[in-house]
1. Ignoring ligands, DNA and RNA, please state the percent of accessible area on segment 125-220 from carbon and sulfur, probe 1.4 Å.
2. R0 = 25 Å: FRET efficiency of Ser114 with Arg188, Cβ-based, nearest 0.05?
3. By how many degrees, 0 to 90 and rounded to 10, does the Cα axis of helix 3-15 deviate from the longest principal axis of the chain?
4. Angle, helix 140-157 long axis vs. longest principal axis of the chain, Cα atoms, 0 to 90°, nearest 10?
5. Non-local amide H neighbours of Val61 (under 5 Å, H modeled in plane, Pro and chain starts lacking H): which ones?
6. Which whole-Hz ³J(HN,Hα) couplings does segment 37-48 yield from phi under the Karplus relation 6.51 cos²θ - 1.76 cosθ + 1.60, θ = phi - 60°, glycine and proline marked x?
7. Over the chain, give the accessible area per residue in Å² for a 1.4 Å probe, as an integer.
8. Using amide H atoms built 1.01 Å from N in the peptide plane, name the residues 5+ places from Gly30, or on other chains, whose amide H lies under 5 Å from its own.
Amino acid sequence: MSIAKILCVLMFFVSVPVSARDGYKLMVFGDSLSAGYRLPKEDSFAEQLQTALTELGYAQVIVINNSKSGETTAGGLNRQKQALEQKPDGVILELGINDVLRGVGIETIRENLSKLITNFQKAGVSVLLAGMQAPPITEPVYANRFSNIYRMLAQKYHIVLYPFFMQGIFKAAGNQYEMAGPYLLPDRAHPRAEGVLLMVEDMLPTIEKFLNKEGVYPVR
């Protein structure tokens, strides 16, 4: 190959963003809220996020659904090594609500989430932390301490935070739990397909911010 051709090839790789050449694996690592509980696969959070990102021009982003119904922060730690074997570049970490439902102590939840974040970071995986809020029936002091965990960890580890994973639903319901029914399954806890769509739409700007921070941009 001539020197001129070699220079042309080098110029191409310098000018084209890494994200345009290589796929970016974005893993959703959470519980039933992101796993697609009682929904067809195509209606799960990961699948609807994949569709939304592709439509925005992020065709190089591959969304991996590694969420498990009933998962706790301790359970997430137990299967984190297996998740890392899938070689994700980034992860949306969405865990904690099942700990609340089991009455797990605040310090334990914080410690487990902290370990999950640091383990991902040590493996070179960037973290987008999806916060949660305790159900209305939860004791107020505990509920407040729980919701604050995510903000504190995001600040400590300098990671992108999305304050409340189900925020899209509750915005549409005027932030009134009793009005969220049309977007929730009969159990009043898990989102319907329409609810997942609202969640994805509301979270997209934060996910784009995260991807752009990673050097991943839409390709049109």
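1. 57
2. Details: r = 31 Å, r/R0 = 1.23.
Calculated value: 0.25.
3. The two axes meet at around 20 degrees.
4. With rounding to tens, the tilt is 20 degrees.
5. Those lying under 5 Å, H to H, from Val61 are Tyr24.
6. 3, 6, 10, x, 3, 5, 9, 5, 4, 4, 5, 5
7. Details: 11170 Å² over 220 residues.
Ligands and nucleic acids excluded, the result is 51 Å² per residue.
8. So Gly30 has HN proximity to Asn66, Ser67, Lys68, Glu94.
The values are calculated or read from the model by the stated rules, or taken from the named source; none is laboratory data. In this text, all values refer to a predicted model and were calculated from it rather than measured experimentally. Cβ sites come from the backbone with ideal geometry, for glycine too, and all protein chains shown count toward neighbours. All accessible areas refer to the heavy atoms of the entire protein, side chains included, with ligands and DNA or RNA removed. Shrake-Rupley method; radii C 1.70, N 1.55, O 1.52, S 1.80 Å.
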